[in-house]
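Okay, so here's the structure we're looking at.
The values are calculated or read from the model by the stated rules, or taken from the named source; none is laboratory data. Nothing here was measured: the structure is a model prediction, and the numbers come from that model. Because the Cβ atoms are built from the backbone with ideal geometry, glycine has one as well, and the counts that use them run over all protein chains shown. When the accessible area is computed, the model is the full protein with side chains, heavy atoms only, and any ligands, DNA or RNA have been set aside. Shrake-Rupley method; radii C 1.70, N 1.55, O 1.52, S 1.80 Å.
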Amino acid sequence: MLLINHVLSGAVIGALSRRPEPAFAAGVASHFALDAVPHWGKWGSRRRFLQVAVPDGLVSLAAMAAITALAPAERRTAVLAGMTGATLPDIDKPTKLYLGLTPFPRAVDRFHQRIQREAPGRAHLELLAAGTLALAALTVLRDWRPTAGRRPTAGSAGRPGRLGRPA
């Protein structure tokens, strides 16, 4: 699964969470759930892997920064925690590539490897997932409003709404 899809799913999770701890935990769980879905992979060579992974990593990092900056202040920490949890399990990729080891116990690495359902020729699935998750993240972040101290909107308090009916 491309890292950007983990970032976007973590953003949705964080935006819907009230606290960073559950957002982080749900983000980690979402990582493994997404990795169990059939996705693009089996690169064939280190060079091909890096041709995809480096731009994906840079776009993902930029997306994390932008989403964190744009998230409502009341949810910003939870959004960042959700994205961090959702991406953390893939820290094994660069550490294995450049250091020859992973930061996780063997049992975690075996589980993570075993659930992968990768195949070449599935880029369209990754892009569809990215578009869907981006739309979900934008929707959740845009529509979120604090419950305390909310100002009335047009159509509230018995005033007619857009269609002339009480809201």
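Here are some notes:
- For the chain, accessible area per residue (1.4 Å probe, heavy atoms of protein chains only), Å²: 62 Å²
- Per-peptide average of other Cβ atoms within 10 Å, ordering 2-15, 121-134 highest first: 2-15, 121-134
- The trypsin sites (Lys or Arg not before Pro) of region 27-101 that DSSP puts in a loop, and whose beta carbon has at most 15 other beta carbons within 10 Å, are K42.
- Within the accessible area of the chain (1.4 Å probe), percent carbon and sulfur: 65 percent
- Helix runs (DSSP H) in the chain reaching 24 Å along axis by Cα, Kyte-Doolittle at least -1.0: 46-70, 123-143
- Theoretical ellipticity at 222 nm over the chain - DSSP helices of four or more residues, -39500 (n - 2.57) apiece, nearest 500: -21000 deg cm²/dmol
- The structure-derived value of semi-axes √(5λ) of the Cα gyration tensor in Å appears in the list (1) 30, 18, 12; (2) 57, 17, 9; (3) 37, 17, 13 under the label (3).
- Placing +1 on each Lys and Arg Cβ and -1 on each Asp and Glu Cβ, with no other charges, gives the chain a dipole about its Cα centre of roughly 400 debye.
- Anisotropy class assigned to region 33-80 is oblate, per the alpha carbon gyration tensor with a/c at or over the 1.5 cut-off and a/b no larger than b/c.
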